Amino acid sequence: MKETFKLSLNTGCIVNRYTDPETFLRFVKEKLKINYIQPTSDWLSLYLPKKITLKNISKLNKSLKKHDIKVNSLFTGAFTRLNHLAHEDKEHQTFWIKWFKNFIDIGIDIGANHVGSHLGILSYDDNKKRLKILNERVIKNWFIIAEYAQKKKLKSLIWEPMSIAREFGETLNQCQYIQKSLNKRKFKFDLCLDVGHGDIKSKNKKDYDPYEWLKKFGSESPVIHLKQVKKNNFNHMPFTKTNNKDGIIQPDKIIKILKNQKNYTAELAFELSFKEREPMDSNLKRELKQTIKYWKEFL
(Lines give C-alpha, C1' and ligand atoms only; values in the text may rest on other atoms or scores of the structure.)
Protein backbone atom coordinates (compact mmCIF):
# COMPACT_ATOMS: atom_id res chain seq x y z
CA MET A 1 0.00 0.00 0.00
CA LYS A 2 1.29 3.46 -0.89
CA GLU A 3 2.44 5.38 2.16
CA THR A 4 0.62 8.66 2.53
CA PHE A 5 1.55 10.02 5.94
CA LYS A 6 0.32 13.60 6.16
CA LEU A 7 2.71 16.10 7.71
CA SER A 8 0.53 18.81 9.20
CA LEU A 9 0.87 21.93 11.32
CA ASN A 10 -1.52 22.47 14.21
CA THR A 11 -2.30 26.20 14.24
CA GLY A 12 -2.06 26.58 18.01
CA CYS A 13 1.43 28.02 17.77
CA ILE A 14 0.49 30.71 15.24
CA VAL A 15 -2.55 32.17 17.03
CA ASN A 16 -2.06 35.97 17.06
CA ARG A 17 1.02 35.55 14.86
CA TYR A 18 -0.78 34.87 11.58
CA THR A 19 -4.29 36.27 11.46
CA ASP A 20 -4.56 36.40 7.66
CA PRO A 21 -5.03 32.89 6.21
CA GLU A 22 -3.52 33.90 2.88
CA THR A 23 -0.23 34.98 4.45
CA PHE A 24 -0.09 31.93 6.69
CA LEU A 25 -0.89 29.39 3.97
CA ARG A 26 1.68 30.94 1.65
CA PHE A 27 4.26 30.37 4.39
CA VAL A 28 3.06 26.77 4.88
CA LYS A 29 3.27 25.99 1.17
CA GLU A 30 6.38 27.89 0.14
CA LYS A 31 8.55 27.71 3.25
CA LEU A 32 7.42 24.63 5.15
CA LYS A 33 6.50 22.77 1.95
CA ILE A 34 3.72 20.70 3.49
CA ASN A 35 0.18 20.16 2.27
CA TYR A 36 -1.89 19.98 5.46
CA ILE A 37 -2.81 22.15 8.41
CA GLN A 38 -4.83 21.31 11.50
CA PRO A 39 -6.86 24.44 12.33
CA THR A 40 -7.66 24.98 15.98
CA SER A 41 -10.84 26.52 17.32
CA ASP A 42 -8.73 29.36 18.77
CA TRP A 43 -7.24 30.30 15.42
CA LEU A 44 -10.67 30.11 13.80
CA SER A 45 -11.96 32.51 16.50
CA LEU A 46 -15.18 30.60 17.11
CA TYR A 47 -16.18 32.89 19.98
CA LEU A 48 -16.90 35.71 17.51
CA PRO A 49 -20.38 36.38 16.05
CA LYS A 50 -21.45 33.88 13.40
CA LYS A 51 -21.31 36.51 10.64
CA ILE A 52 -17.60 37.12 11.28
CA THR A 53 -16.86 33.41 11.60
CA LEU A 54 -18.48 32.69 8.23
CA LYS A 55 -16.47 35.49 6.64
CA ASN A 56 -13.26 34.07 8.11
CA ILE A 57 -14.09 30.54 6.92
CA SER A 58 -14.83 31.84 3.43
CA LYS A 59 -11.42 33.55 3.29
CA LEU A 60 -9.72 30.42 4.60
CA ASN A 61 -11.41 28.20 2.03
CA LYS A 62 -10.28 30.43 -0.83
CA SER A 63 -6.69 30.37 0.42
CA LEU A 64 -6.76 26.60 0.95
CA LYS A 65 -7.83 26.08 -2.65
CA LYS A 66 -5.36 28.63 -3.99
CA HIS A 67 -2.37 26.98 -2.31
CA ASP A 68 -3.67 23.40 -2.62
CA ILE A 69 -3.53 22.84 1.12
CA LYS A 70 -5.94 20.43 2.77
CA VAL A 71 -7.58 20.09 6.17
CA ASN A 72 -7.88 16.53 7.43
CA SER A 73 -8.88 17.40 10.99
CA LEU A 74 -9.93 20.20 13.33
CA PHE A 75 -9.04 20.30 16.99
CA THR A 76 -9.71 22.46 20.01
CA GLY A 77 -6.88 24.67 21.23
CA ALA A 78 -5.35 26.05 24.40
CA PHE A 79 -8.13 28.62 24.88
CA THR A 80 -10.65 25.78 24.83
CA ARG A 81 -8.93 23.66 27.47
CA LEU A 82 -12.02 23.86 29.63
CA ASN A 83 -14.48 21.62 31.49
CA HIS A 84 -16.95 21.95 28.57
CA LEU A 85 -18.88 18.64 28.28
CA ALA A 86 -17.82 17.59 31.80
CA HIS A 87 -19.02 20.79 33.46
CA GLU A 88 -21.40 20.27 36.40
CA ASP A 89 -23.84 22.94 35.19
CA LYS A 90 -26.35 21.61 32.65
CA GLU A 91 -26.56 24.94 30.83
CA HIS A 92 -22.81 24.87 30.29
CA GLN A 93 -23.09 21.37 28.84
CA THR A 94 -25.91 22.45 26.52
CA PHE A 95 -23.85 25.40 25.32
CA TRP A 96 -20.88 23.20 24.53
CA ILE A 97 -22.97 20.58 22.74
CA LYS A 98 -24.20 23.34 20.45
CA TRP A 99 -20.64 24.68 20.15
CA PHE A 100 -19.27 21.32 19.04
CA LYS A 101 -22.05 20.94 16.47
CA ASN A 102 -20.97 24.27 15.02
CA PHE A 103 -17.35 23.10 15.09
CA ILE A 104 -18.38 20.04 13.07
CA ASP A 105 -20.21 22.25 10.55
CA ILE A 106 -17.07 24.32 10.06
CA GLY A 107 -14.98 21.17 9.72
CA ILE A 108 -17.25 19.86 6.97
CA ASP A 109 -17.10 23.25 5.23
CA ILE A 110 -13.31 23.15 4.97
CA GLY A 111 -13.02 19.46 4.12
CA ALA A 112 -12.15 17.84 7.46
CA ASN A 113 -12.61 14.12 7.98
CA HIS A 114 -12.17 14.29 11.75
CA VAL A 115 -13.09 16.79 14.45
CA GLY A 116 -11.89 16.49 18.01
CA SER A 117 -10.94 17.64 21.47
CA HIS A 118 -10.11 16.37 24.93
CA LEU A 119 -13.20 14.68 26.40
CA GLY A 120 -13.76 17.31 29.07
CA ILE A 121 -12.18 18.24 32.40
CA LEU A 122 -13.45 17.49 35.90
CA SER A 123 -13.25 19.89 38.81
CA TYR A 124 -11.44 18.69 41.92
CA ASP A 125 -14.79 17.92 43.57
CA ASP A 126 -16.24 16.12 40.56
CA ASN A 127 -13.10 14.05 40.23
CA LYS A 128 -14.17 12.20 43.41
CA LYS A 129 -17.08 10.79 41.37
CA ARG A 130 -15.02 10.40 38.22
CA LEU A 131 -16.32 7.09 36.83
CA LYS A 132 -19.96 7.94 37.46
CA ILE A 133 -19.64 11.35 35.78
CA LEU A 134 -17.65 9.89 32.89
CA ASN A 135 -20.42 7.44 32.05
CA GLU A 136 -23.49 9.47 32.96
CA ARG A 137 -22.43 12.92 31.80
CA VAL A 138 -19.34 13.05 29.59
CA ILE A 139 -19.89 10.05 27.33
CA LYS A 140 -23.62 10.77 27.20
CA ASN A 141 -22.91 14.28 25.90
CA TRP A 142 -20.44 12.96 23.33
CA PHE A 143 -23.09 10.53 22.07
CA ILE A 144 -25.37 13.52 21.37
CA ILE A 145 -22.60 15.13 19.34
CA ALA A 146 -21.88 11.82 17.59
CA GLU A 147 -25.46 11.63 16.35
CA TYR A 148 -25.01 15.03 14.75
CA ALA A 149 -21.61 14.10 13.32
CA GLN A 150 -23.12 11.00 11.73
CA LYS A 151 -25.83 13.06 10.03
CA LYS A 152 -23.14 15.38 8.69
CA LYS A 153 -21.19 12.35 7.39
CA LEU A 154 -18.06 13.13 9.38
CA LYS A 155 -15.66 10.20 9.19
CA SER A 156 -15.06 10.12 12.94
CA LEU A 157 -14.83 12.15 16.10
CA ILE A 158 -11.38 12.05 17.69
CA TRP A 159 -10.50 12.48 21.34
CA GLU A 160 -7.12 12.99 22.96
CA PRO A 161 -5.99 10.87 25.92
CA MET A 162 -4.52 13.27 28.47
CA SER A 163 -2.05 13.02 31.37
CA ILE A 164 -4.11 13.30 34.56
CA ALA A 165 -7.27 11.52 35.70
CA ARG A 166 -9.33 14.74 35.77
CA GLU A 167 -8.77 15.09 32.01
CA PHE A 168 -9.39 11.41 31.16
CA GLY A 169 -7.49 8.68 29.33
CA GLU A 170 -4.26 9.17 31.28
CA THR A 171 -3.25 5.49 31.31
CA LEU A 172 -3.38 2.74 28.72
CA ASN A 173 -6.13 0.93 30.60
CA GLN A 174 -8.22 4.06 31.14
CA CYS A 175 -7.89 4.97 27.48
CA GLN A 176 -8.98 1.50 26.41
CA TYR A 177 -11.98 1.57 28.75
CA ILE A 178 -13.14 4.95 27.45
CA GLN A 179 -12.53 4.01 23.83
CA LYS A 180 -14.67 0.88 24.21
CA SER A 181 -17.39 2.86 25.97
CA LEU A 182 -17.51 5.49 23.23
CA ASN A 183 -17.70 2.91 20.49
CA LYS A 184 -20.67 0.99 21.87
CA ARG A 185 -22.86 2.74 19.33
CA LYS A 186 -22.64 2.89 15.56
CA PHE A 187 -20.73 6.14 15.07
CA LYS A 188 -16.95 5.82 15.18
CA PHE A 189 -14.73 7.44 17.80
CA ASP A 190 -11.02 7.46 17.04
CA LEU A 191 -8.03 8.73 18.99
CA CYS A 192 -5.71 11.64 18.57
CA LEU A 193 -2.66 10.28 20.37
CA ASP A 194 -0.16 12.78 21.77
CA VAL A 195 3.44 11.60 22.11
CA GLY A 196 3.93 13.84 25.16
CA HIS A 197 0.96 12.62 27.21
CA GLY A 198 0.50 9.90 29.81
CA ASP A 199 0.46 9.69 33.60
CA ILE A 200 4.07 10.05 34.81
CA LYS A 201 3.01 9.05 38.34
CA SER A 202 1.70 5.69 37.18
CA LYS A 203 3.39 2.58 38.59
CA ASN A 204 3.30 1.18 35.07
CA LYS A 205 6.11 2.84 33.07
CA LYS A 206 4.31 1.96 29.85
CA ASP A 207 1.67 4.57 30.72
CA TYR A 208 4.10 7.37 29.91
CA ASP A 209 6.04 5.68 27.14
CA PRO A 210 4.93 7.19 23.79
CA TYR A 211 5.97 4.09 21.88
CA GLU A 212 3.82 1.83 24.05
CA TRP A 213 0.84 4.09 23.38
CA LEU A 214 1.48 3.87 19.65
CA LYS A 215 1.87 0.10 19.75
CA LYS A 216 -1.45 -0.29 21.55
CA PHE A 217 -3.54 2.41 19.86
CA GLY A 218 -1.72 3.40 16.66
CA SER A 219 -4.29 1.65 14.48
CA GLU A 220 -7.07 3.69 16.11
CA SER A 221 -5.34 7.05 15.74
CA PRO A 222 -5.78 8.74 12.36
CA VAL A 223 -4.23 11.87 13.86
CA ILE A 224 -1.15 12.07 16.09
CA HIS A 225 0.11 15.18 17.86
CA LEU A 226 3.87 15.47 17.64
CA LYS A 227 6.42 17.45 19.60
CA GLN A 228 9.87 16.71 20.93
CA VAL A 229 9.78 15.39 24.49
CA LYS A 230 12.45 15.47 27.18
CA LYS A 231 12.40 13.98 30.66
CA ASN A 232 10.46 16.18 33.09
CA ASN A 233 9.92 18.80 30.40
CA PHE A 234 6.32 19.32 29.33
CA ASN A 235 6.83 22.08 26.78
CA HIS A 236 5.67 21.46 23.23
CA MET A 237 9.14 21.63 21.74
CA PRO A 238 10.09 21.79 18.05
CA PHE A 239 12.46 19.23 16.54
CA THR A 240 15.63 21.30 16.49
CA LYS A 241 19.16 19.90 16.63
CA THR A 242 19.49 21.01 20.24
CA ASN A 243 16.18 19.47 21.32
CA ASN A 244 16.78 16.26 19.38
CA LYS A 245 20.07 15.53 21.19
CA ASP A 246 18.30 14.44 24.36
CA GLY A 247 14.71 14.22 23.11
CA ILE A 248 13.03 10.82 23.17
CA ILE A 249 10.84 11.19 20.09
CA GLN A 250 12.49 9.55 17.09
CA PRO A 251 10.66 9.77 13.74
CA ASP A 252 11.95 6.43 12.46
CA LYS A 253 10.56 4.61 15.51
CA ILE A 254 7.19 6.37 15.23
CA ILE A 255 6.86 5.56 11.55
CA LYS A 256 7.94 1.94 11.99
CA ILE A 257 5.29 1.35 14.65
CA LEU A 258 2.57 2.96 12.55
CA LYS A 259 3.52 0.81 9.58
CA ASN A 260 3.36 -2.28 11.77
CA GLN A 261 -0.12 -1.13 12.82
CA LYS A 262 -1.08 -0.86 9.11
CA ASN A 263 -1.66 2.85 9.65
CA TYR A 264 -0.14 4.35 6.51
CA THR A 265 -2.32 7.42 6.33
CA ALA A 266 -1.95 9.06 9.74
CA GLU A 267 -1.92 12.83 9.98
CA LEU A 268 1.28 13.70 11.84
CA ALA A 269 0.35 17.09 13.25
CA PHE A 270 3.02 19.22 14.88
CA GLU A 271 1.47 20.69 18.02
CA LEU A 272 4.22 23.07 19.11
CA SER A 273 4.53 25.98 21.49
CA PHE A 274 6.66 29.12 21.29
CA LYS A 275 6.44 31.42 24.30
CA GLU A 276 5.88 35.12 23.79
CA ARG A 277 9.44 35.82 24.84
CA GLU A 278 12.64 36.36 22.92
CA PRO A 279 14.30 34.57 21.30
CA MET A 280 11.44 32.01 21.08
CA ASP A 281 9.06 34.37 19.32
CA SER A 282 11.54 35.38 16.63
CA ASN A 283 12.76 31.80 16.16
CA LEU A 284 9.33 30.36 15.38
CA LYS A 285 9.53 30.34 11.59
CA ARG A 286 13.08 29.05 11.50
CA GLU A 287 12.38 26.26 13.99
CA LEU A 288 9.20 25.21 12.20
CA LYS A 289 11.27 24.83 9.04
CA GLN A 290 13.87 22.76 10.92
CA THR A 291 11.13 20.56 12.37
CA ILE A 292 9.55 19.78 9.00
CA LYS A 293 12.90 19.25 7.29
CA TYR A 294 13.97 16.83 10.03
CA TRP A 295 10.83 14.70 9.71
CA LYS A 296 10.92 14.64 5.93
CA GLU A 297 14.25 12.83 6.11
CA PHE A 298 12.40 9.80 7.49
CA LEU A 299 9.41 9.76 5.13
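A dipole drawn for region 144-299 from +1 and -1 charges on Cβ atoms has a positive end, and of MET280, ASN244, GLY218 the residue lying farthest that way is GLY218.
Run through every distinct alpha carbon pair of the chain and return the Kirkwood hydrodynamic radius in angstroms, one decimal place. Every distinct Cα pair counted, the radius reaches 19.6 Å. So if I take the centroid of the Cα atoms in region 245-278 and the same for region 54-125, what is the distance between those two points in Å? So the two Cα centres are separated by 23 Å.
If both residues of a DSSP beta bridge must be in the chain, then about 5% of such bridges are antiparallel. Projecting the Cα positions of LEU82, TYR177, PHE100 onto the charge dipole of region 53-193 (unit charges on Cβ atoms of Lys, Arg, Asp and Glu, taken about the Cα centre) puts PHE100 furthest along the positive direction.
Counting only protein heavy atoms and a 1.4 Å probe, the chain has 51 square angstrom of accessible area per residue. Shape call for region 190-260 from the C-alpha gyration tensor, a ≥ b ≥ c root eigenvalues: rounded (a/c under 1.5), prolate (a/b greater than b/c) or oblate? Oblate, because a/c is 1.5 or more while a/b does not exceed b/c.
Dipole magnitude for the chain: about 720 debye, using +1 per Lys or Arg Cβ and -1 per Asp or Glu Cβ, origin at the Cα centre. The slack in the chain from LYS180 to PHE95, taken as 0.36 nm per residue of separation less the alpha-carbon distance, amounts to 28.0 nm. For region 178-230, a simple Cβ point-charge model (Lys and Arg +1, Asp and Glu -1, everything else neutral) yields a dipole of about 220 debye relative to the Cα centre. For region 95-143: lysine pairs with Cα atoms under 19 Å, gap of 8 or more or different chains, count? Taking the Cα cut-off of 19 Å, the pair count is 5. Residue separation of LYS151 and LYS293 scaled by 0.36 nm, minus their Cα-Cα distance, works out to 47.2 nm of gained length.
The values are calculated or read from the model by the stated rules, or taken from the named source; none is laboratory data. This one's a predicted model, so the numbers in the text were calculated from it and none came from an experiment. Positions of Cβ are generated from backbone atoms using ideal geometry, with glycine treated the same way; all protein chains shown enter the neighbour counts. In case anyone asks, the SASA skips ligands and DNA or RNA and just uses the protein heavy atoms, side chains included. Shrake-Rupley method; radii C 1.70, N 1.55, O 1.52, S 1.80 Å.
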